[in-house]
Each structure stands twice: as C-alpha cells, then as structure tokens.
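Everything on this sheet refers to the single structure shown next.
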Protein chains: 2
Amino acid sequence: MSGPTRRRDAGATRAALLEAAAGLFAEQGYERTTVREVAARAGVNQALLFRYFGSKEELFAEVLAVQSDELLAGPVETLLERVLADLLWDADADRVRQSLRALLRSVGHAGAAELLRDRLGTAYVRRLATLSDAPDAELRADLLVAWLLGIGLLRSVVGKQPLAGADPAEVSALVLRTARHLLEERPATGSGD
Amino acid sequence: MSGPTRRRDAGATRAALLEAAAGLFAEQGYERTTVREVAARAGVNQALLFRYFGSKEELFAEVLAVQSDELLAGPVETLLERVLADLLWDADADRVRQSLRALLRSVGHAGAAELLRDRLGTAYVRRLATLSDAPDAELRADLLVAWLLGIGLLRSVVGKQPLAGADPAEVSALVLRTARHLLEERPATGSGD
DNA sequence: ACAGGATGTAAGCAAGCGCTTACTAACGGG
DNA sequence: CCCGTTAGTAAGCGCTTGCTTACATCCTGT
C-alpha cells in the first residue's frame, strides 16, 4: 500500500513542474520564462527540472505535446469554432488552452515554429482544407491559421482595443462567417463558369 | 567643401548602426538581436551605439519610427493592398519593410507591443474602419490587422507551406476579397431589415 | 537491518547579456 | 600652434542565463 503522505514523490514533482511551466510559457512565452521561475512556481529545486526533463527545450516540448490530438478529434465543421473558443475565452486556465497559448506566445522561438510548421499547423490545415472546394484550399486554410495566430497575439499579447475587450461570442461569430466566405468563395472569372 | 574622406563621421556611424539594427531586428526580432551583433554588422565599436542612441531600446524605437507615416499617407482604399505588398514581397530590403517586419518579429517585446497597441495599430484601424458601415467597424478593422500580423508571422517567421511559397499576387488577391467581405457584410437578423 | 538506488538540496560554473568607464587620437577655432 | 571638443577604442563590470556537480536524505527490496 502507498504511504499516507509521500514527501518524496517523483511523479508529483514532475507534474508540478509541468503545470508551472505550462502557465509561465503561456503567460510569457518560451524565451522570457526562466528555469528558475518555473522551479519557484512549482515549489521545487531547479536542479530537478533538469533531472526530469533534460533541458528547458524538452520541458517546453512536453508542455506543447498536450494539445495535439484533443482539438483535432472533434468534427471538422466545428473545429474552427472550438479553436476560437480556446483562444477567446482566456479566463480559465485549462491545460489545452495553456499549451495553445504557449505555442502562440512562443512563435518566435525555433522549436515552437517548427512544431507549428511541420506538425500542428499541417494537421489543422489538412482538416480545414476539406471544407473548401477551391483548388487552393490548403492556402486558404493556411490563411485561416494565420488569422487565428494573429487574433491570439493581438488580443492576448498586444492587448489591442477594441479586440481585447470585445465580446468573445461576437468576435467568434464574425470570424466564423468570414472564414466560411473565405473557404467557399471563388474568384470572379472573365469566362463566367 | 567637406573634407575628402572623413574617417571620423558621427552621422555616417549613426546611419550605419541604424541600418544594421533595422536588418537584424527584422531578421531576428528585438530579443534575439544583441548590441554586439549590431555593432559588428555596422563595423563600429559597440560603445558608440550607446553614445548615439542611449540604449538598445531607444535604438529599436528609432528603427520602428521610420514607417509610421509613409504607408498611412496614401488613399484608404489601397491601404490594405500596400501593407500586404510590403508583407508578401519580402525579397528586397526596403527600409519601410524592414521596420514593418521588425515590428512583427518583435511583437512579444513590450516596446513593440505598446507601439502596435497605442500608435501604429490604432492609426491603421482608424483608417480601415472608414471602409465599413457596420457599427462594429473598428472591431472588424482590428481583426484585419490581426490577420496581417498572423500572415506575416506564419509566412516569414514560421515558414509554413503552402503559404510561404505561394504566389504573393494570389495571396494578396484572396486576402483583399475576403477583407472586403469582412468589412461590408452584416449578420443575418431574424427581423429581416 | 542495511545496501543501494531514488529523491531532494545548495552551490556554483561558463557564457552571454546590456551597459560603463578610462582612455587615445583626430579635428578645428582662437 | 595649441588646446578643448568630438569621435573612436579596449577592457571589463555586474548581472542573468541554462545547466552541472557534489552532497545529504529518504525509501525499498532482500
């Protein structure tokens, strides 16, 4: 049987570090967050961070690894809506949202850019592109991902008004209507199809 | 007449520092660029950077100060098109484009965020909002600025394909059509106006 | 019970950062 | 011609960064 109160618990320490890191990476991005801050918020000696994660970079990768599948699992039709919700309702600190925001916040960092370029971004775009019949469907989906990125940054990082203070539901509805138009419209041609 | 070859020339030194800084800030952003790098590229002793600009932060501000008016001067109708051009044709290193990209690249930095929030972003939004009759015109303009920000980052910083490799003219046309729709559309209402 | 691995701690290293200081060398007006 | 001002230089200060090391302590299997 497990001891009543384990003061030495590798699993709990790892989890505490992971949670502290997720919060700080989401708030400040990768570069501005120091390993000492993470250890302090976790209430843990900072040497343990390196024992359990190897490096700051690997810790960051583990934080980002959380979200990959959860959002992508649902139906394509509501994918954009769900991502927007995670982006706009930033009050609560759900783990998926934290890791999404850590990704946005750290887009200047090579590791985050690579993840967005080669894995996450591609996965989103593949799904979003199925909503469009246009031959350049993937480009349109890329533009949508770019929009989400920009909205997240201008809202949470820059704090631009009126966007930062706007009703999330209104913003979401406006973006969704425009996104549908982007995916479905076709350029006017001289031949008139 | 001025001396034949002035080896001691404060104006030229300042200009060299400014140009080197614009290039590096555009390529790497504020935080990743070091004052030693700037001085080295300018071929100048790094102490002079502080003599002529006071601090890295003030040097950055001076780099960003370039673009403020130039783009905003033209007609509103082509404003979006011109910014998109500066964003998408990133081959040549025009000074206005460099400072625009330095701003995007450094959006995680407090100084850049403040400029975008309180000055530049507001100026763009004011003008863009005149293109819409909607009551939330400024919000829509904010969303456009967010889109520009996201496109610039996903293209130049992240390097996401197919966006990064797409024909700038096609991207521009697609974004402009969608932007017009965003500015002009109105939500469907139950009362049917 | 006790050896040995797992867990936690304190201290500090090398490197890099923005910035400053103490100095030399060139210029230009009197 | 000389001297104060200006431009340029070399060195390094104080601090922070990610990461490591040497060591104390606890827990568990046999």
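The values are calculated or read from the model by the stated rules, or taken from the named source; none is laboratory data. Computed from a predicted model, the values in this text were never measured in an experiment. Cβ coordinates were reconstructed from backbone atoms using ideal geometry, including for glycine residues, and neighbour counts include every protein chain displayed. SASA here: full protein model, heavy atoms, side chains in, ligands and nucleic acids out. Shrake-Rupley method; radii C 1.70, N 1.55, O 1.52, S 1.80 Å.
Could you tell me whether any residue of the stretch A:81-100 is hydroxyl-bearing (Ser, Thr, Tyr) and surrounded by fewer than 19 Cβ atoms within 10 Å (Cβ to Cβ)? Looking through the stretch A:81-100, none of the residues is hydroxyl-bearing (Ser, Thr, Tyr) and surrounded by fewer than 19 Cβ atoms within 10 Å (Cβ to Cβ). B:Val157 passes every criterion in (1) more than 7 Å from every other protein chain (Cβ to nearest Cβ); (2) in contact with a Gly (Cβ under 8 Å, 6 or more places away or on another chain) apart from (1). Within the option set A:Leu148, A:Leu143, being at the interface with chain B (Cβ under 8 Å from one of its Cβ atoms), surrounded by 17 or more Cβ atoms within 10 Å (Cβ to Cβ) and closer than 21 Å to B:Asp167 by Cα holds for one residue only, A:Leu143. Taking the condition touching a Ser or Thr at 6+ places or on another chain (Cβ under 9 Å), in a helix (DSSP H, G or I) and more than 17 Å from A:Gly152 (Cβ to Cβ), does A:Tyr30 pass? Spelling it out, it is not the case that A:Tyr30 is touching a Ser or Thr at 6+ places or on another chain (Cβ under 9 Å), in a helix (DSSP H, G or I) and more than 17 Å from A:Gly152 (Cβ to Cβ). Only a single item in (1) touching a residue at least 40 places away in the same chain (Cβ under 8 Å); (2) within 12 Å of chain B (Cβ to nearest Cβ); (3) among the acidic types (Asp, Glu) is not met by A:Glu62, and it is number (2).
Between A:Leu103, A:Leu71, the distinction of being assigned by the TED database to the domain that holds A:Pro168, at pLDDT 95 or above and buried (at least 16 other Cβ atoms within 10 Å of the Cβ) belongs to A:Leu103 only. Checking the structure you have, find out if any residue of the stretch A:25-44 is away from chain B (no Cβ under 14 Å) and near DNA strand C (Cβ under 7 Å from one of its atoms). There is at least one residue in the stretch A:25-44 that is away from chain B (no Cβ under 14 Å) and near DNA strand C (Cβ under 7 Å from one of its atoms). Taking the stretch B:53-68, which residues are assigned to a helix (DSSP H, G or I) and either within 13 Å of DNA strand C (Cβ to nearest atom) or open to solvent by 40 Å² or more (accessible area, probe 1.4 Å) (or both)? Across the stretch B:53-68, the qualifying residues are B:Phe53, B:Lys56, B:Glu57, B:Glu58, B:Leu59, B:Phe60, B:Ala61, B:Glu62. Inspect the stretch A:5-17 for any residue being away from chain B (no Cβ under 14 Å) and touching a Lys or Arg at 6+ places or on another chain (Cβ under 6 Å) and give the result as yes or no. Scanning the stretch A:5-17 turns up no residue that is away from chain B (no Cβ under 14 Å) and touching a Lys or Arg at 6+ places or on another chain (Cβ under 6 Å). For the stretch A:153-163, the condition holds for at least one residue, the condition being that it is more than 20 Å from the chain's Cα centre (by Cα) and either in the same structural domain as A:Gly108 (by the TED database) or open to solvent by less than 10 Å² (accessible area, probe 1.4 Å) (or both).
Just to be sure, is A:Arg119 more than 9 Å from chain B (Cβ to nearest Cβ) and surrounded by 19 or more Cβ atoms within 10 Å (Cβ to Cβ)? No. Of all the listed residues (B:Ser99, B:Ser132), the sole one being more than 10 Å from chain A (Cβ to nearest Cβ) and either within 18 Å of the chain's Cα centre (by Cα) or hydrophobic (A, V, I, L, M, F, W, C) (or both) is B:Ser99. Screening the stretch B:169-192 for residues that are within 10 Å of chain A (Cβ to nearest Cβ) and more than 24 Å from B:Asp86 (Cβ to Cβ) and picking the one that is modelled with the lowest pLDDT gives B:Ala188.
Residue count for the stretch B:127-169 satisfying the condition of being over 16 Å from B:Leu116 (Cβ atoms) and part of a helix (DSSP H, G or I): 13.
Being surrounded by 17 or more Cβ atoms within 10 Å (Cβ to Cβ), within 16 Å of DNA strand C (Cβ to nearest atom) and either over 17 Å from the mean Cα position of the chain (by Cα) or closer than 20 Å to A:Arg127 by Cα (or both) is the requirement here; does A:Arg14 meet it?
Spelling it out, A:Arg14 is indeed surrounded by 17 or more Cβ atoms within 10 Å (Cβ to Cβ), within 16 Å of DNA strand C (Cβ to nearest atom) and either over 17 Å from the mean Cα position of the chain (by Cα) or closer than 20 Å to A:Arg127 by Cα (or both).
Within the stretch B:37-52, residues that are open to solvent by less than 30 Å² (accessible area, probe 1.4 Å) have Cβ atoms under 6 Å from residues that are within 8 Å of DNA strand C (Cβ to nearest atom) in these pairs: B:Ala39/B:Gln46; B:Ala39/B:Leu49; B:Leu49/B:Val35, counting only partners at least 6 apart in sequence or on another chain.
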